[in-house]
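First comes the structure, then the notes that go with it.
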Amino acid sequence: MTDLARDPARRTVLAAEWVLGLAEPEDAATAERLAEDDALFAAEVAHWRDRLAELDATAPQRPMPDRLWPAIEAGIAAAERAAPGETAAARIEAGPVAEDIAASAESGGTVLPFRRPGEPGPGTDAGASPGLWANLRVWRGLAVAASLVAAVALSVAMRAAPRPEVVAVLLIEPGKPGAVVEAFADGRVRLVPLTDLPVPAGRALQVWTLQDKAQGPVPVGLTGRARTLSLDLGSLPGPRPDQLFEITLEPETGSPTGRPTGPVLMKGLTSRTL
């Protein structure tokens, strides 16, 4: 393990991987030890937990079959042991990985066609040498490198972006988030969609907030499609905890009454970020 005190980028990546549950067992053990003994690393872990806490609670748990990863590792080991032209691919196709892939397909997952080492893909010259791209170790190395680059890039982006003070997760139904409202210290408030919403012709999505029940809901945004949208609260003070935000389907120019008239597509209450 690299000296994390001298490598802040690696410390950031390890903390992020550990919080997300993506760290390898050895790295996870290192992270657990550092979280107790290293104040800088503990702060890094706390930073990532804070940033991801709002969305973490909305993610439904979907357990992975216990045998899936061992089966994948066994299949990779078999493929590495096989010489070109042998039937390692057949071993994988007939093994438990294939069964899990089939189960994934039945549940709506995407399955890519499997090709044996040296077998040309669509649109390739059957006589061409498989070369670099048929080398399993190259693919694994590229995957690891891409993961590290993505993790570092994500860390830099999240550090550079201002952190919202108040957040509302708008739910389409319990456990199904549709959008997030973020309010920042500088007064900016924005809506970030988490899913696409089909909008019929001649209709629009209108965003509302409710600060005062006596005043009623106030329109703060209008859009013809699901997109990141800056919200205009006008003379209203900035959002505070337990403030309602919702999205309704309205005429394309907005509600003619100044009050919601269409169906509520999603709604949620604000809370302060940790």
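Candidates in the stretch 220-264 are the residues that are in contact with a Leu (Cβ under 6 Å, 6 or more places away or on another chain) and not hydrophobic (A, V, I, L, M, F, W, C); of these, the one that is farthest from LEU170 (Cα to Cα) is GLY254. Counting only residues that are within 30 Å of LEU170 (Cα to Cα) and at pLDDT below 80, the stretch 29-62 holds 19 of them. Filtering the stretch 163-175 to residues that are at pLDDT below 85 and in a strand (DSSP E or B) leaves nothing. Against the definition (surrounded by fewer than 16 Cβ atoms within 10 Å (Cβ to Cβ), over 26 Å from VAL167 (Cβ atoms) and at pLDDT below 75), how does PRO65 come out, yes or no? Taking the combined requirement at face value, the residue satisfies it.
Just so you know, in the stretch 189-210 the residues that are at pLDDT below 90 and part of a loop (DSSP other than H, G, I, E, B) include one that is surrounded by the fewest Cβ atoms within 10 Å (Cβ to Cβ), and it is PRO198.
Sub-6 Å Cβ pairs linking a first residue in the stretch 212-223 that is under 12 Å from LEU244 (Cβ atoms) and free of Cβ contacts under 8 Å to residues at least 40 places away in the same chain to a second residue that is hydroxyl-bearing (Ser, Thr, Tyr) and surrounded by 10 or more Cβ atoms within 10 Å (Cβ to Cβ), at least 6 apart or interchain, are VAL218/THR209; VAL220/THR209, ordered by first then second residue.
Criterion first (closer than 19 Å to LEU269 by Cβ, without any contact (Cβ under 8 Å) to a residue 40 or more places away in the chain and surrounded by fewer than 17 Cβ atoms within 10 Å (Cβ to Cβ)) does ASP242 satisfy it? Yes: the conditions hold for ASP242.
Looking at the structure I just gave you, is THR228 of a type in the set (Ser, Thr, Tyr) and surrounded by 15 or more Cβ atoms within 10 Å (Cβ to Cβ)? No, not satisfied. Hey, LEU236 hits all of (1) within 20 Å of GLY202 (Cα to Cα); (2) part of a loop (DSSP other than H, G, I, E, B) but one; which does it fall short on? Of the numbered conditions (1) within 20 Å of GLY202 (Cα to Cα); (2) part of a loop (DSSP other than H, G, I, E, B), the odd one out for LEU236 is (1).
Does LEU269 fit the bill of being in contact with an Asp or Glu (Cβ under 6 Å, 6 or more places away or on another chain), in contact (Cβ under 8 Å) with a residue 60 or more places away in the chain and of a type outside the set (Gly, Ala, Ser)? When the stated conditions are applied, LEU269 passes them.
So, ALA5, is that one more than 30 Å from LEU269 (Cα to Cα), at pLDDT below 80 and of a type in the set (A, V, I, L, M) or not? Here the answer is yes, as ALA5 does meet what is asked. Report, by residue number, each residue of the stretch 176-188 that is of a type outside the set (Gly, Ala, Ser), within 17 Å of ARG272 (Cα to Cα) and assigned to a strand (DSSP E or B). Across the stretch 176-188, the qualifying residues are VAL180, VAL181, GLU182.
The values are calculated or read from the model by the stated rules, or taken from the named source; none is laboratory data. Note that the structure is predicted; figures quoted are calculated from it, not measured. Heads up, the Cβs are rebuilt from the backbone with ideal geometry, glycines too, and the neighbour counts pull from every protein chain shown.
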